[in-house]
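Trainee: One structure follows; several queries about it will come next.
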Amino acid sequence: MDAIALQEIIAQYAPDAMAIGIRAASALAMILIGYWAAKFISGLTRKAMVKRDIDSTLTNFLAKLVFCILFALAAIPALAHAGIQTASVIAALGAAGLAVGLALQGSLANFAAGVLLIAFRPCRVGDWIDAGGCSGSVESISLFSTILLTGDYKRIVIPNAKVMSDAITNYSAMPRRRIDLIVGISYDADMRVAKEILQKLVAADERILKDPAPTIAVSELANSSVNLVCRPWVATSDYWPTRWKLTEDIKTEFDAAGVGIPYPQMDVHFHKQA
């Protein structure tokens with residue numbers, strides 16, 4: 001190939017090559033600008049959520065989601081500007097997203113429930129709850145599952161969709177709880193003595209709150225017993241120790257005072273036939 005032929009080739013293709021180079025450079029600049037803009041806005045989103053004390057798991061996820069969406073919005077026009085046909089790419093991504101969504105619909109339901117759990121916080125780490133048919137202390141809440149530790153230290157992993165599909169009972173949410181005891185005494189026992197014993201025991205325990213005042217009253221005249229209710233209020237952390245101690249003391253004091261506590265009995269009569 002001589003010099004004249006080379007010059008003709010350069011003269012023929014140089015404008016197109018220059019135009020392609022300019023489009024490629026401008027597309028690359030658009031991608032870089034979009035990347036830094038997405039990173040900047042994602043950082044602002046993260047800082048705003050941290051200031052509002054939003055859970056770190058949700059904060060990190062939303063910040064990354066904002067970055068990916070903004071970067072995609074910048075990258076697709078840049079590719080189109082470079083001369084790449086993006087319609088087929090967008091259609092392929094949409095079809096792939098639909099297929100993945102159908103395949104992972106259960107996981108997506110858990111994810112959506114996890115976002116709601118983290119955002120609305122019906123329970124926090126360390127709370128004792130009933131949820132999803134299980135009871136335990138919340139060890140962690142992730143985007144897909146909630147982990148509980150039972151009283152005998154078993155770990156239960158519950159899908160978030162199951163947690164959100166039913167009622168969540170949080171025993172640790174409030175600073176105080178009421179102990180509900182039902183004490184049955186026999187019909188021939190002195191009811192006034194029984195109530196005085198309950199009032200004395202409630203007043204003697206320093207863990208029992210004075211406000212709200214405890215309730216001691218007759219609740220029912222049952223088949224074989226007169227049922228008294230004893231309802232003192234305690235701090236949430238004192239609930240079980242106080243309940244156990246009060247139950248034991250009631251039995252001890254009733255025995256000492258001769259107040260009978262009935263138990264179910266059945267009388268069987270035999271009839272002798274002639």
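Rule-based calculations on the coordinates, nothing more; no lab input. The model shown is predicted, which means the values in this text are computed figures rather than measured ones. Ideal geometry is used to build each Cβ from the backbone, glycine not excepted, and the neighbour counts take in all protein chains shown.
Trainee: Filter the trypsin sites (Lys or Arg not before Pro) in region 187-225 to those in DSSP coil with at most 16 other Cβ atoms within 10 Å of their Cβ, and list the result.
Mentor: The qualifying sites are R207, K210.
Trainee: Translational diffusion coefficient of region 105-192 at 25 °C, 0.890 mPa s, Stokes-Einstein with Kirkwood Rh over Cα pairs, in µm²/s as a whole number.
Mentor: 168 µm²/s
Trainee: Please go through the residue pairs K200/K245; K154/K245; K64/K162 and name each one whose alpha carbons sit more than 18 Å apart in this structure.
Mentor: The pairs that break the limit, which is 18 Å between Cα atoms, are K154/K245; K64/K162.
Trainee: Within a 10 angstrom radius of the beta carbon, how do L28, L117, L108 rank from fewest other beta carbons to most?
Mentor: L28, L108, L117
Trainee: To continue, here is another question. Report, in debye and to the nearest 20, how large the dipole of region 122-170 comes out about its Cα centre when Lys and Arg carry +1 and Asp and Glu carry -1 on their Cβ.
Mentor: In debye, rounded to 20, region 122-170 gives about 120.
Trainee: At what distance in nm do the modelled label points of W244 and K210 sit from each other, each positioned 7 Å from its Cα along Cα→Cβ?
Mentor: Here the modelled spin labels are 2.9 nm apart.
Trainee: Quote the FRET efficiency, to the nearest 0.05, computed for L32 versus S56 with a Förster distance R0 of 22 Å and r equal to the Cβ-Cβ distance.
Mentor: For R0 = 22 Å, the calculated efficiency reads 0.15.
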